[in-house]
Amino acid sequence: MDIIDLFYKGGPAMWPLLALSILSLSVIFERLWFWLRILTQEKQIVERVLDAAQDNWEIAADIAKQATDQPIGRFLYAPLRLQKTNVETFRLALEATAEDELAGMRRGEKLLEAVIALSPLLGLLGTVLGLIQSLRSIRIGDLGTESVAGTTTGIGESLISTAGGLIVAITTLVFYRLFQGFVVNQVKVFRKAGNELELLYRQFPPDLSDTTSMSVSEVSQDNLLPPGKSRRSQFPQPPEPPVT
């Protein structure tokens with residue numbers, strides 16, 4: 001039987017089911033493209049940033065900055081872009097960025113949840129409406145005659161909407177669970193990459209020495225000396241010749 005014929009025989013409930021299926025497919029294709037880009041590039045980005053961080057933190061920051069179009073790149077670049085930081089600030093930057101990125105990865109889940117919940121109900125509603133219409137046409141005098149066969153056919157056609165709703169819900173549920181699995185895996189990836197980057201930060205901290213701050217401290221110490229004396233006067237001077 002042709003799909004178009006089945007669609008029309010399913011009744012008016014097939015139209016909202018069609019709209020839900022289009023919304024579901026649009027989200028599914030967008031998420032598939034999103035996850036395809038992430039899963040094929042994030043491992044290489046993490047390895048490059050961690051390898052560079054062992055030698056030069058500026059190079060690691062540049063590599064992470066170039067990968068900011070990816071969630072893992074933005075995650076690693078968040079603490080590296082800070083001018084001055086400590087271990088606690090480094091960790092807070094990683095945690096805050098991870099929460100934002102994981103929230104963005106869940107985009108579209110609410111729509112998929114709505115499709116999963118509404119599709120079976122709409123299919124059941126279409127079946128109930130079809131049964132009401134079919135049973136209303138039955139007359140007591142027609143029982144046992146050929147006209148009842150047409151009513152039975154109508155009841156069978158009314159079940160098409162239920163089948164359509166279940167198909168939409170099941171298909172959407174499969175991809176919904178798949179995307180949730182990807183998000184859970186990303187939590188592990190972010191935690192591992194963040195821990196390794198923080199460990200490198202503890203082992204090979206960046207050189208934060210500032211010559212300007214050293215000169216300022218020296219000037220402040222000079223200002224504490226009496227007028228006319230400098231830091232050089234702190235060293236012992238040769239005795240003056242006795243006055244005769």
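If Lys and Arg each add +1 and Asp and Glu each add -1, what is the summed charge of the other residues whose beta carbon sits under 14 Å from the beta carbon of G181?
Counting the neighbours of G181, the net charge comes to +3.
Could you give the length gained by full extension between I59 and F204, i.e. 0.36 nm per residue of separation minus their alpha carbon distance, to one decimal place?
Extra length from I59 to F204 when fully extended: 50.8 nm.
For E113 and F7, what is the calculated FRET efficiency with R₀ set at 22 Å and r taken between the beta-carbons, to the nearest 0.05?
Rounded to the nearest 0.05, the efficiency is 0.30.
Find out how many positive minus negative residues lie around G104, taking Lys and Arg as positive, Asp and Glu as negative, among other residues whose Cβ is under 12 Å from that of G104.
Net local charge, G104 excluded: 0.
Would you mind calculating the gained length between F182 and E47 on full extension (0.36 nm times residue separation, minus the Cα-Cα distance), in nm to one decimal?
46.6 nm
Sequence gap of 8 or more, or different chains, plus Cα separation below 20 Å: how many lysine pairs satisfy both in the stretch 3-203?
5
A163 to V87: extension gain in nm, 0.36 nm per residue of separation minus the Cα-Cα distance?
21.7 nm
Can you order the peptides 114-123, 71-80 by their average number of other Cβ atoms within 10 Å per residue, highest first?
For the peptides 114-123, 71-80, the packing ranking is 71-80, 114-123.
None of the figures in this text is laboratory data; all of them are computed from the coordinates on show. Small disclaimer: the values here were computed from a predicted structure and weren't measured. Backbone-built Cβ (ideal geometry, glycine too); neighbour counts: all protein chains shown.
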